[in-house]
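Colleague: One structure, as structure tokens, below. Some questions next.
The values are calculated or read from the model by the stated rules, or taken from the named source; none is laboratory data. Predicted model, so just to flag it, every value in this text is computed and none were measured. Note that we place each Cβ from the backbone using ideal geometry, even for glycine, and neighbour counts take in every protein chain shown. Remember, those area values only see protein heavy atoms, side chains included, never the ligands or the DNA or RNA. Shrake-Rupley method; radii C 1.70, N 1.55, O 1.52, S 1.80 Å.
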Amino acid sequence: IRLVVFLQIAYCPVGLAQVDSEWSGPQPIQSKALNEEKSYRVLLPPGYASKPEQLYPLLLLLDGQKYGDIVAGNARFLAQAGEIPEHVIVSVDSDNRLRDFTPTDSQGWEGDGGGDRFLAFLSDELMPEVERKFRVARPRILWGHSLGGLFALYTLYAAPELFDARLVNDGTLDWDAKATERALQNYLNDKSVQTQFLYFNSSYLVAIEDPELRYFETLSATLQKHAPANLRWEYEPMPNETHASIPLLGSIHGLRA
């Protein structure tokens, strides 16, 4: 426990403070798809201004107000270590996760099932604005945690051309009786799967004995059975993490993958 507390004190404040001071934004964008104003922040590579001809891959982070600094700090650190390329990082704030990140209207919940509208916001409004303002190119990477991870997986079959890689961090993949897994299987059986990469991890939920809650393993089995060769994927159980802690280490593993 002392070691964990020390690492939290020694590592997190310094790294996050540095990233936090370099964000551009928040920048407002009036969304017709959501009928409200959204905001996003942008973190540019350190040498962006001095390399006017260079294009950069795009890393889009969901739940930016909570995880933007953590994931961006990890991406910046890995790029400085030469393990991954430098990215233009866009962090999107969320204020209605249940509405925006759920792809179906599930019984027992109210105000959910707006994933299609949030997807329209990303594809028709946010991405065109980011491409107009910043020097971004392929690949595009989407990172999401929990419900954000559910939405990231949803985009794999709902808008496969929008992103090249999805990093699903302990996604809520049991949503609506695993509706996303069933829809993904239908997409995989369609034989028109685009070249993609999918990484997903899971925390302490891997130790739960109830088979109804072992939805990470069933998704892995679905991919093993149905995924074509051009859908590269990796599943990583992380049983020593919790749902709250897994974004820190899980984002490092996902970016490396």
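Colleague: Take the conditions within 23 Å of the chain's Cα centre (by Cα), outside any strand (DSSP E or B) and at pLDDT 95 or above and apply them to GLY68. Does it pass?
Modeller: Taking the combined requirement at face value, the residue satisfies it.
Colleague: Can you go through ASP100, ASP176, ASP124 and tell me which one is buried (at least 17 other Cβ atoms within 10 Å of the Cβ), in contact (Cβ under 8 Å) with a residue 40 or more places away in the chain and out of contact with any helix residue (DSSP H, G or I) (no Cβ under 9 Å at 6 or more places or on another chain)?
Modeller: Just a single option satisfies the conditions, and that option is ASP176.
Colleague: A further question follows. Check GLY73, GLY114 and return the single one that is more than 17 Å from ARG140 (Cα to Cα) and at pLDDT below 95.
Modeller: On the way: GLY73 fails: at pLDDT below 95.
Every option except GLY114 fails the conditions.
Colleague: Additional query: Out of all the residues in the stretch 26-51, which are in contact (Cβ under 8 Å) with a residue 60 or more places away in the chain, open to solvent by less than 50 Å² (accessible area, probe 1.4 Å) and in a strand (DSSP E or B)?
Modeller: Quick first cut of the stretch 26-51, residues in contact (Cβ under 8 Å) with a residue 60 or more places away in the chain only: 26, 29, 31-34, 38, 40, 42, 44, 48.
Imposing the further condition that a residue be open to solvent by less than 50 Å² (accessible area, probe 1.4 Å) reduces the set to 29, 31, 33-34, 38, 40, 42, 48.
Of everything in the stretch 26-51, those that are in contact (Cβ under 8 Å) with a residue 60 or more places away in the chain, open to solvent by less than 50 Å² (accessible area, probe 1.4 Å) and in a strand (DSSP E or B) turn out to be ILE29, SER31, LYS38, TYR40, VAL42.
Colleague: Here's a check for you: in the stretch 193-217, which residue that is modelled with pLDDT of 80 or more and open to solvent by 40 Å² or more (accessible area, probe 1.4 Å) is farthest from PHE163 (Cα to Cα)?
Modeller: GLU217
Colleague: I would also like to ask the following. Before we move on, is SER21 polar (S, T, N, Q), within 26 Å of GLU86 (Cβ to Cβ), surrounded by 11 or more Cβ atoms within 10 Å (Cβ to Cβ) and modelled with pLDDT under 95?
Modeller: no
Colleague: Is it fair to say VAL130 is open to solvent by less than 10 Å² (accessible area, probe 1.4 Å), touching a residue at least 40 places away in the same chain (Cβ under 8 Å) and either of a type in the set (Val, Ile, Thr) or in contact with a His (Cβ under 9 Å, 6 or more places away or on another chain) (or both)?
Modeller: Criteria met by VAL130.
Colleague: Continuing with the same structure: With the structure loaded, tell me whether PRO57 is modelled with pLDDT of 90 or more, in contact with a His (Cβ under 8 Å, 6 or more places away or on another chain) and either hydrophobic (A, V, I, L, M, F, W, C) or open to solvent by less than 30 Å² (accessible area, probe 1.4 Å) (or both) or whether it fails that test.
Modeller: For PRO57, the condition - modelled with pLDDT of 90 or more, in contact with a His (Cβ under 8 Å, 6 or more places away or on another chain) and either hydrophobic (A, V, I, L, M, F, W, C) or open to solvent by less than 30 Å² (accessible area, probe 1.4 Å) (or both) - is met.
Colleague: Hey, does the stretch 230-238 have a residue that's closer than 25 Å to GLU110 by Cα, of a type outside the set (Asp, Glu) and open to solvent by 10 Å² or more (accessible area, probe 1.4 Å)? Break it down into steps so the answer makes sense when it comes.
Modeller: First, pick out the residues of the stretch 230-238 that are closer than 25 Å to GLU110 by Cα: none.
No, the stretch 230-238 contains no residue that is closer than 25 Å to GLU110 by Cα, of a type outside the set (Asp, Glu) and open to solvent by 10 Å² or more (accessible area, probe 1.4 Å).
Colleague: Do the conditions hold for SER91, that is, is it closer than 19 Å to GLY25 by Cβ and outside any helix (DSSP H, G or I)?
Modeller: Details: closer than 19 Å to GLY25 by Cβ: yes; outside any helix (DSSP H, G or I): yes.
Taking the combined requirement at face value, the residue satisfies it.
Colleague: In addition: For the stretch 203-223, does any single residue satisfy the condition of being among the aliphatic types (A, V, I, L, M) and without any contact (Cβ under 8 Å) to a residue 12 or more places away in the chain?
Modeller: Yes, there is a match, as at least one residue in the stretch 203-223 is among the aliphatic types (A, V, I, L, M) and without any contact (Cβ under 8 Å) to a residue 12 or more places away in the chain.
Colleague: With the condition kept exactly as written, say whether any residue in the stretch 81-88 is open to solvent by 90 Å² or more (accessible area, probe 1.4 Å), modelled with pLDDT of 95 or more and not hydroxyl-bearing (Ser, Thr, Tyr). Walk me through how you get there before you give the answer.
Modeller: Our first condition is that a residue be open to solvent by 90 Å² or more (accessible area, probe 1.4 Å); within the stretch 81-88, this holds for 83.
Checking the rest, the ones that are also modelled with pLDDT of 95 or more come to 83.
Add one more test, that the residue is not hydroxyl-bearing (Ser, Thr, Tyr), and what stays is 83.
Scanning the stretch 81-88, I find at least one residue that is open to solvent by 90 Å² or more (accessible area, probe 1.4 Å), modelled with pLDDT of 95 or more and not hydroxyl-bearing (Ser, Thr, Tyr), so the answer is yes.
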